[in-house]
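First comes the structure, then the notes that go with it.
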Amino acid sequence: MVLSCSKEDFSGQINLESKVVVEGSIEEGNFAEVLLSSSIPVTNVIDSTNILDHVIRSARITVSDGVTSEVLRVKNDKNRIPPFVYFGSILKGEAGKQYTLRIEYLDRILEAVTTIPKSVSLKSAAYTKTNPADTTGYIFVKFDDPLNEKNYYQIATKIEEEPIFVPAFYGNLDDKNFEGSSVATQLNRGVLLFPRGKYTPYFNDGDLIYVKLRTQNKEALDFWNSWQNEIVNSKNPIYPSTTSLKTNIKGGLGIWAGYGQSTLVVKTPPKK
Amino acid sequence: MLAQSKATVSGNVTSSDNENLIGVSISFSEKNLHHYAVTDSIGRFSEKVSFGEVELTVKHFGYIEKSIVFNCLKDTLIAIVLDKDASQLKEVIIDNSKKAGITTLSGGKLSFNLKELASVPTILGTTDIIKILQLTPGVQNSGEANGYLYVRGGDPGHNAILYDGTPIYGMSHLLGIFPFYNTDHIKEFEFDKSSSNSKFGGRLSSTTSLITDKKIPEKASIQGNVGILASQLTVAVPIAKKAGFYLSGRKTYIDEIIVPLLSSNSEGNDIENTKYGFSDANMTFLFKIAKNNLLSVDVFVSADKFKIKDEDFDLRTNLKWSDFTVSPTLTTTLSSKISMTNSLYFSQYSNDLKMDQAAIQFGVSSYVKDFGFNNAVNYSVKNIQFESGLQYVYHTLQPQKIDVENLSGANNTSQNSMIYANEVAVFTTIKPKLTNHINLELGLRANYYNSGSKSDSYLNFQPRMVLNYLANDKYSFYVTYNKQYQYLSLITTSSVGIPTDFWFASSNGIKPQSSNEFSFGSNQNISKNLVSSFGGFYRLMKNLVEYPYGVTQFNETTTLANDLLAGKGKAYGIEMMLRKNNGKFNGWMSYTLSWSDRTFDKLNNGNTYFAKYDRRHNLSLVGMYDLNSKWNFGVTQIFSSGNRFTLPTSWYFINNNPVKEYSEYNNAQMPNYIRTDLSINYFFFKTSKKESALNFSIYNVFNVENPIYVVLNLQENNEKTGLFAKQENKTLYRLLPSISWRFKF
């Protein structure tokens, strides 16, 4: 005789709510970019008929540096989730400036503020193998941390086939942990669920790898660390993640951050 | 009846081996009056008797009945020594006047006799003290994969386990399958739900005292249990007439058996390539130095190893934890009125976690070490019993030592901060009998704690009180009040009882935890065989400690003290128990209805939320049946409400990865927990000196799925047209059969 409890629908016990999610960035030398969606209550099934219900395409997004402001235009990008990107074409990010974001959607208004920190250059990025016979390898980066400044960093990578940069694992750095001014560290490739799928911590021969060293402020550091915690630990019973991501969006979820940046390209031996 | 025509007859009952006999029945026969007394946890009794001739009849199972007749003219002190009944030793012992498995002591405390509880079903056929406690009122069952105690709405770290007076900090073996203590080495244990004895301090909730055998072995003997996952062995060796020792050992051999068992039972393949094992050893050395001095030296060592590989995230985890205690104790009987114990102890608990993830090596280790001295004196003044003493302990803690190594060696971070603390306590318990019907237990404990700086010094007073009203032979009522302070806290990070939890001592401005508890209750002797109790409690706790971040925030090296959150909590409830102690069929029913909540400024926006183990209803039924001298059966039935957890409310994408949004803390409840266990013992033979029996147990006979935690995963639907969030209940194990052979020669 087998008795088993039916899978209880816990949703009846909690308040389901949908909030507006903002994933926004402005890098030094680049235009602003914002993705907008509404969060999906846990009971909903998302498919091709209703996925667009959670994508916000008709918001009015304004970015301003205090002097100039621009309203972002929207375009389709099938490599992103959500598949619509609001982009700027007038305001280019400049180090030291403050940028405000204002989103008007239906009757809601969301706001956020950020600044772009000074960039720090990547000195070098190299593809190294544990054994010369391997067909896979790791990226090793070097840069100099300015001693008189407070800096927070993020190291991210992208290969030619990937649509976006992926933050490296444990790659959100606080300069108070550095032993000296020269930083040399190995990179742990981050997770990109879509479109990459299965996670591998290394790179492969034949990849064309872009390595970006971003400078960010404390809010962005906290956000990306909480994002990493959620991804790594959501199924982990030892250190379970049960806290929401930190946000700097007033009235919503997500992040609006300014970044300094320095990018290097790393070539790898051709695939055999 | 005028008070002046009565005198007090008091004293103690010991065996001819100088062992205090608990629960001995003494009947007082005067002219037309019969009344009874029962000896307490150290064998003492006290009873008012009219002037004139009185006959005392002392009865205790396994001993020859003693009768004392005398003319009582004034307060009298009697020391009664009972001789073992040799005729019993050869016969099979299954008797209607069996010793009770559970005895009620004053104020709701319970005393457990392990031998009598051997037929309570357990996972592997070996008795488990924690699992038995979870079948009594006020104690929540912790489900699978968790060996902690949750008593009266408190946290796991609020409970003390004393091994012959020495605190043990490690609390469980992984998965809760294995009992933490080898009960062949333990004679009995007492459960003080509120640590009401003033000898106990430093914990907000219960104290469980494990007592090893203090009788010097007369003959060599061996006993043990051979099971499918682990085996244990205990030898008793006499050295001379005045000395001897007991030595026990236990070891698992489960990797060949348990891993395939777990992988086939759990949903999904998160638990792959798992390896687990533990071993432990106990030794008790006894030496009767002089007629009145007994030296006992206890040693306890336990070590666990756990390895797990998770391919999804390229993660390898290696976890080790261990306990070590050594404690010499001298018990001195200065006179028939005064006895004293002095003991020194060293107790250490450490755990070590190493994780390899991608190219990062991450290590967290933690330990707590205690050097202590305990002194307690039992004496009586004008026939009022007193117990006083002095305790000192020096704590050394390394709460968390974190080492992060990027394989290149550059960005290495290290976090370490040691805590050193001193704790001194003096205590006194007075047990005056106010009237014929009312007696009082008054305890006062004063604690001084200091850890480093002046601001981390605390002088606290902890009053304890039990007021007993004995209406008659059948009914008694009690009211209690306890104040407790706790200086060391157990920080739990996991949602299951995996021992990455660590101990922290009040320092750097983190204040000691404190609680006030009121309880009331009543004990009823319904008939010769039936005993019941009913009561309620209300507990307020302050300066509780939470650490909600887990250790993944380690790239931010802040001091632990900055990350700890302080808050308060309260718990209240009603507890009842009905026990049948004698006869072929005996057992008990226990029911608790309770609430437990927490309020922390920095959690849940400062709103009060349910504590994790706020399980509204908790019902346990235990039945043991002796069919004949060859067979006995045991059954356990548990119904309890599920515990609380935080369920995400919505999800969204950041950087093309799904993440979850959580709203209120502990906003959801796991399904109700239902479990039935069965055990069958077949005795090849059984006498008081020899035994050979086969135990067949089934844990969770009806194969009910009781999940240990819930996760939300994104999955494609069957048509592959869409995504949805699927709740997955992670169940560790369901039906577990076991067979083992128990022997004693």
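No lab work stands behind these numbers, since they all come straight from the coordinates. As the structure is a computational prediction, the values presented were derived from the model and not from experiment. Cβ: placed from backbone, ideal geometry, glycine included. Neighbour counts: every protein chain shown.
The table below gives the values:
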read-out	value
Translational D in µm²/s for chain A (Stokes-Einstein at 10 °C, 1.306 mPa s, Kirkwood Rh from C-alpha pairs)	77
Cβ-derived FRET efficiency at R0 45 Å, B:Phe371 paired with A:Thr100, nearest 0.05	0.15
Descending semi-axes in whole angstrom, ellipsoid equivalent of the range B:622-745, from the Cα gyration tensor	48, 15, 12
Proximal lysines to B:Lys382, defined as alpha-carbon separation beneath 25 angstrom and excluding residues fewer than eight positions away on the same chain	B:Lys6, B:Lys48, B:Lys74, B:Lys199, B:Lys337, B:Lys431, B:Lys433
Within chain B, longest stretch clear of exposed GluC sites (Glu not before Pro) (DSSP loop, no more than 13 other Cβ within 10 Å)	B:268-718
Integer Hz, Karplus 6.51/-1.76/1.60 couplings in order for the range B:516-525, x for Gly and Pro	10, 9, 10, 8, 9, x, 8, 10, 10, 9
Förster-model FRET efficiency, 25 Å R0, A:Thr243 and A:Lys267, C-beta, rounded to 0.05	0.05
Rough spin-label spacing in nm, given labels placed 7 Å along Cα→Cβ, for A:Ala184 and B:Phe386	7.3
Fewest-first ranking of B:Ile211, A:Ile249, B:Ile222, using other Cβ atoms within 10 Å as the exposure measure	B:Ile222, B:Ile211, A:Ile249
Pairwise centroid distance, computed over Cα atoms, of the range A:23-102 with the range B:434-478, Å	65
Principal axis dimensions, largest first and in whole angstrom, of the range A:17-115 by Cα	43, 27, 18
Cα Rg, Dmax, the protein assembly as shown, angstrom units	32.9, 111
Surface/4 estimate of mean projected area, convex hull on alpha-carbon atoms of the range B:3-87, nm²	5.4
Within chain A, longest stretch clear of exposed GluC sites (Glu not before Pro) (DSSP loop, no more than 15 other Cβ within 10 Å)	A:180-272
Ranked list, fewest to most other Cβ atoms within 10 Å of each Cβ, for A:Ser124, B:Ser209	A:Ser124, B:Ser209
Paramagnetic reach from B:Val301 (point 7 Å along Cα→Cβ, amide N under 16 Å) across the range B:205-221	none
Residues B:His395, B:His437, B:His185 arranged by fewest to most Cβ contacts within 10 Å	B:His437, B:His395, B:His185
Net length gained if the chain between B:Leu315 and B:Phe461 were fully extended (0.36 nm per residue, minus Cα distance)	47.7 nm
Whole-angstrom gap from the range A:112-153 to the range B:26-83, using each part's C-alpha centre	85
At most 16 other Cβ within 10 Å, DSSP loop - trypsin sites (Lys or Arg not before Pro), the range B:115-222	B:Lys215, B:Lys219
Vicinal HN-Hα couplings computed from phi for the range B:162-167 (Karplus, 6.51 cos²θ - 1.76 cosθ + 1.60; Hz; Gly/Pro x)	10, 9, 6, x, 9, x
Calculated on alpha-carbon atoms, Rg and Dmax of chain B in Å	26.7, 95
Rough spin-label spacing in nm, given labels placed 7 Å along Cα→Cβ, for B:Ile222 and A:Asn50	6.9
Vicinal HN-Hα couplings computed from phi for the range A:128-142 (Karplus, 6.51 cos²θ - 1.76 cosθ + 1.60; Hz; Gly/Pro x)	10, 10, 5, 10, x, 7, 5, 9, 10, x, 10, 9, 10, 10, 9
Cα centroid separation - the range B:617-650 against the range B:572-590, whole Å	13
Net dipole in debye of the range A:17-115 [+1 Lys, Arg Cβ; -1 Asp, Glu Cβ; about Cα centre; nearest 20]	200
Simple label model, 7 Å out from Cα along Cβ direction - A:Lys250 to B:Lys74, nm	8.8
Computed E for B:Ser522/B:Ala240 - FRET, C-beta separation, R0 45 angstrom, nearest 0.05	0.35
